[in-house]
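Here the structure comes first, spelled out in structure tokens, and everything after it is commentary.
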Amino acid sequence: MTPLRKTIAVLPGDGIGPEVTAAAVEILRDCAATFGHQFDFREFLFGGAAIDQCGTPLPEETLAGCRSSDAILLGAIGGPKWEALPLGTRPEAGLLGLRQKLDLFINLRPIRLRPALHGISPLRLERLEGCDFEIVRELAGDVYFGEHTLQGTGKDARATDLAAYSAAEVERVARYAFERARARKGHLTSVDKANVLATSTLWRQTVTALAREYPGVTVDHLYVDNAAMQILLRPAQFDVILTGNLFGDILSDEAAALAGSIGLIPSMSRGRDGQPALYEPIHGSAPTLAGKDVACPLGAIFSATLMLRESFGLQAESHWIEAAVDRVLGLGYRTADLVEPNGRAVGGREFTAQIRSELKALLLHREHSGASL
Ligand code: IPM
Ligand code: MN
């Protein structure tokens with residue numbers, strides 16, 4: 001593989017965001033040094049940190065920096081400090097603004113369990129057998145981006161949130177999900193609430209029509225309440241789950257729990273081909289953990305490996321890092337969220353240092369055995 005030169009915008013954000021992105025950047029630097037790539041990291045203010053310094057969660061400079069980068073690595077945003085602010089001015093508004101401005105209409109959340117961590121899953125091993133799926137969540141529409149109103153006070157108060165989808169919005173994300181399914185096990189589960197909602201009726205019609213273009217992909221439709229149950233009862237039935245913005249938000253946290261900790265799950269938010277995609281752990285800013293060196297860096301590190309694969313096409317590099325992570329877990333190292341009863345936790349820094357030393361060990365092993373990575 002010829003060495004690549006890439007610019008990566010880093011948005012550490014709030015809470016544990018800065019510490020977990022720092023860990024991921026260290027690993028990406030190791031990757032660049034080992035494979036001869038050049039990754040230029042450019043850090044920008046975002047979320048609550050940006051509100052504090054610039055009065056807005058998404059400063060112009062941050063947006064411009066993201067637009068002109070090849071990929072974006074985000075930590076997390078939000079926290080109690082900014083919770084009293086009006087909805088549209090909070091850190092979350094920065095994230096929604098970034099998704100909208102960059103037209104990130106696809107959100108991918110891979111649910112993969114690490115073999116060494118089966119013991120911390122809330123499910124019994126026999127239910128987990130074969131569990132490996134992806135959630136494709138629509139990210140630019142639905143009730144997230146419709147009009148929100150809150151009027152009156154006390155008993156007279158009334159609030160509304162408008163959920164809207166156009167057929168084109170459904171089709172573009174569904175097409176992506178069909179392509180993913182075709183490249184995987186060929187099974188797509190579309191999740192909606194078509195027994196009640198008009199947006200879901202349109203969703204189902206659009207997915208059904210598109211299915212004709214993908215004869216190799218089998219399609220199931222589940223109502224969201226049933227899907228929530230099936231994720232716990234028979235997670236191995238899923239290959240690619242396609243759903244709307246709000247349902248995807250909820251189901252992806254539920255699915256993340258299967259892996260044993262929400263701290264493990266990465267995500268990619270992307271738009272059309274050739275535009276910069278955004279990678280972030282799905283765990284959020286966890287303000288009570290911030291600055292204590294207890295946060296698990298794996299969600300951020302897996303976000304980095306997802307970036308290497310999806311944005312840069314660097315499969316071997318991604319595989320090398322994930323292999324090092326699995327070795328560290330296999331040796332019994334755990335951050336606090338990953339320990340089993342009576343187990344011992346190490347800090348996030350030591351955990352990251354162990355991964356870096358396993359990265360080196362894997363290289364030495366390769367040199368000795370003459371095998372490729
Ligand atoms: C997520 C988060 C965001 C969302 C919040 C922080 C706005 O929960 O990425 O899942 O609801 O999309
Ligand atoms: Mn969420």
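The values are calculated or read from the model by the stated rules, or taken from the named source; none is laboratory data. Values in this document were obtained by computation on a predicted structure and should not be read as measured data. As a convention, Cβ positions derive from the backbone with ideal geometry for all residues, glycine included, and neighbour counts pool all protein chains shown. Ligands, DNA and RNA are stripped out before the accessible areas are found, and what is left, the full protein with its side chains, is counted by its heavy atoms. Shrake-Rupley method; radii C 1.70, N 1.55, O 1.52, S 1.80 Å.
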request  = Read through the list (1) more than 16 Å from ligand 1 (Cβ to nearest atom); (2) open to solvent by less than 40 Å² (accessible area, probe 1.4 Å); (3) not in a helix (DSSP H, G or I), then give the number of the only condition that D293 fails.
outcome  = (2)
ask   = With respect to R99, is the statement that it is within 16 Å of ligand 2 (Cβ to nearest atom), over 22 Å from V328 (Cα atoms) and part of a strand (DSSP E or B) true?
value = no
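Okay, residues lined up against (1) more than 29 Å from N107 (Cα to Cα); (2) modelled with pLDDT under 95:
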{"position": "M307", "(1), (2)": "no, no"}
{"position": "E310", "(1), (2)": "no, no"}
{"position": "D326", "(1), (2)": "no, no"}
{"position": "A336", "(1), (2)": "no, no"}
{"position": "E340", "(1), (2)": "yes, yes"}
{"position": "G347", "(1), (2)": "yes, no"}
{"position": "S357", "(1), (2)": "yes, no"}
{"position": "L363", "(1), (2)": "yes, yes"}
query = Going through region 281-309 one residue at a time, which ones are within 15 Å of ligand 2 (Cβ to nearest atom), touching a Gly at 6+ places or on another chain (Cβ under 6 Å) and farther than 21 Å from L329 by Cβ?
reply = S285
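Residues are listed down the side, and each one gets a yes or a no for (1) more than 14 Å from ligand 1 (Cβ to nearest atom); (2) crowded, with 18+ Cβ neighbours inside 10 Å; (3) not charged (D, E, K, R):
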| site | (1), (2), (3) |
| --- | --- |
| A228 | yes, no, yes |
| G248 | no, yes, yes |
| D253 | no, no, no |
| S267 | no, yes, yes |
task = Could you tell me whether region 203-212 includes any residue that is in contact (Cβ under 8 Å) with a residue 12 or more places away in the chain, outside the structural domain of A336 (by TED's automatic domain parsing), among the β-branched types (V, I, T) and outside any helix (DSSP H, G or I)?
result = no
request  = Run down D103, D156, D132, D161 and say which single residue is farther than 24 Å from S267 by Cβ and either open to solvent by less than 60 Å² (accessible area, probe 1.4 Å) or not β-branched (V, I, T) (or both).
outcome  = D156
request  = Kindly indicate the residue of region 269-280 that is touching a strand residue (DSSP E or B) at 6+ places or on another chain (Cβ under 8 Å) and open to solvent by 10 Å² or more (accessible area, probe 1.4 Å) and also nearest to ligand 2 (Cβ to nearest atom) among those meeting that condition.
outcome  = E280
inquiry  = Take the conditions of a type outside the set (A, V, I, L, M), closer than 23 Å to M307 by Cβ and open to solvent by 10 Å² or more (accessible area, probe 1.4 Å) and apply them to R90. Does it pass?
reply    = no
request  = Taking the options A183, A174, name whichever one is crowded, with 18+ Cβ neighbours inside 10 Å and either within 30 Å of V207 (Cα to Cα) or among the aromatic types (F, W, Y) (or both).
outcome  = A174
message = Checking the structure you have, find out if any residue of region 186-193 is among the β-branched types (V, I, T), closer than 25 Å to R272 by Cα and in contact (Cβ under 8 Å) with a residue 60 or more places away in the chain.
response = yes
query = From the set of residues in region 236-246 that are away from ligand 2 (no atom under 16 Å from the Cβ) and open to solvent by 10 Å² or more (accessible area, probe 1.4 Å), which is nearest to E126 (Cα to Cα)?
reply = A236
ask   = Regarding G75, is this residue surrounded by 14 or more Cβ atoms within 10 Å (Cβ to Cβ), within 16 Å of ligand 1 (Cβ to nearest atom) and at positive phi?
value = no
ask   = From the list Y223, Y144, Y165, Y176, which residue is in contact with a Gly (Cβ under 6 Å, 6 or more places away or on another chain) and aromatic (F, W, Y)?
value = Y165
query = Do any helices (runs of 4 or more DSSP H) lying entirely in region 1-79 carry at least 2 residues that are of a type in the set (S, T, N, Q), in the same structural domain as G299 (by TED's automatic domain parsing) and modelled with pLDDT of 95 or more, and which ones are they?
reply = 17-35
message = Out of the residues in region 213-226 meeting the condition of being assigned to a helix (DSSP H, G or I) and more than 16 Å from ligand 2 (Cβ to nearest atom), tell me which one is most open to solvent (accessible area, probe 1.4 Å).
response = D225
key: Given (1) surrounded by fewer than 20 Cβ atoms within 10 Å (Cβ to Cβ); (2) part of a helix (DSSP H, G or I), number of the condition V328 does not satisfy   = (1)
